[in-house]
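Okay, structure first, notes after.
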Amino acid sequence: MKLIQIDKAINMVEKSPVFEKIYREYLAQVAMIDFKSKTEKLGVQINGDEVIIPFFGRPHKVSANGIIDPYGNKPNHSVIVVICKYLLLCPDDYPKEDDWVSYKNFRDAAPFVGGFVNNVEAPIARNFACRLDELEQACKGLGGRPAGIELPYQLSIKFSPLPKVPILLLFNDEDDEFPAQCSVLFERRAENYLDMECLAIVGMLLSDYLKKVGEDLYT
């Protein structure tokens, strides 16, 4: 399933003037930034007056006129917020802390930890319990690749939602003693690129995308 179809399936009700107002405010802020000196720090490209930024591997174009996905459509509001915050919060230096940490280990994550577990990790474990092969295929369909590190999990997959904000998904299927378990980790330096709310949104989008890709592959 194409991500544009997934976005439509999980989209929020965005015709409200509030969403449009937020969207336009973000665009105005982004338009004030000279990204030519920030391309390497953000892992983006510049094409004329547009910033090209991959989101889960799909190039999105950002300019003062709007944000469009690879199919020429405006992304859903959650994607817009994450992309804009990523561009606006570009760090001044090059953060080096690339060790993997759970969401709860971030300094300002406390208010969102319960929601992250309930809306990201628990749904992935529930949706793919006894479906390990299907989860692996769904991960591939979303651009995930084997993490390449030895960990005590049946599945360890790395995603790149944004160039400098990778995600590590760890999964053990259920057995006679334990239910299926899922952990979603970030590099410690992710907090330099996105605030805690946006990191939580990235996790929720991962969970939703995997569910929709899995359904599309096996229906």
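The values are calculated or read from the model by the stated rules, or taken from the named source; none is laboratory data. These numbers were taken from a predicted model, which means no experiment stands behind them. Positions of Cβ are generated from backbone atoms using ideal geometry, with glycine treated the same way; all protein chains shown enter the neighbour counts. Surface accessibility is based on the protein's heavy atoms, side chains included, excluding ligands, DNA and RNA. Shrake-Rupley method; radii C 1.70, N 1.55, O 1.52, S 1.80 Å.
Of the residues making up the range 140-156, one or more are part of a strand (DSSP E or B), without any contact (Cβ under 8 Å) to a residue 60 or more places away in the chain and among the hydroxyl-bearing types (Ser, Thr, Tyr).
Residues considered: PHE178, PHE186. Of these, the only one that is open to solvent by 60 Å² or more (accessible area, probe 1.4 Å) and aromatic (Phe, Trp, Tyr) is PHE178.
The helices (runs of 4 or more DSSP H) found entirely in the range 14-96 that carry 2 or more residues being open to solvent by 50 Å² or more (accessible area, probe 1.4 Å), without any contact (Cβ under 8 Å) to a residue 40 or more places away in the chain and farther than 26 Å from ASP208 by Cα are 17-31.
Taking LEU194 as the residue in question, decide whether it is within 12 Å of the chain's Cα centre (by Cα), open to solvent by 10 Å² or more (accessible area, probe 1.4 Å) and modelled with pLDDT of 95 or more. No, not satisfied.
Hey, any hits in the range 132-153 for a residue that's among the small types (Gly, Ala, Ser), closer than 17 Å to VAL101 by Cβ and surrounded by fewer than 20 Cβ atoms within 10 Å (Cβ to Cβ)? So far as the range 132-153 goes, yes, one or more of its residues are among the small types (Gly, Ala, Ser), closer than 17 Å to VAL101 by Cβ and surrounded by fewer than 20 Cβ atoms within 10 Å (Cβ to Cβ).
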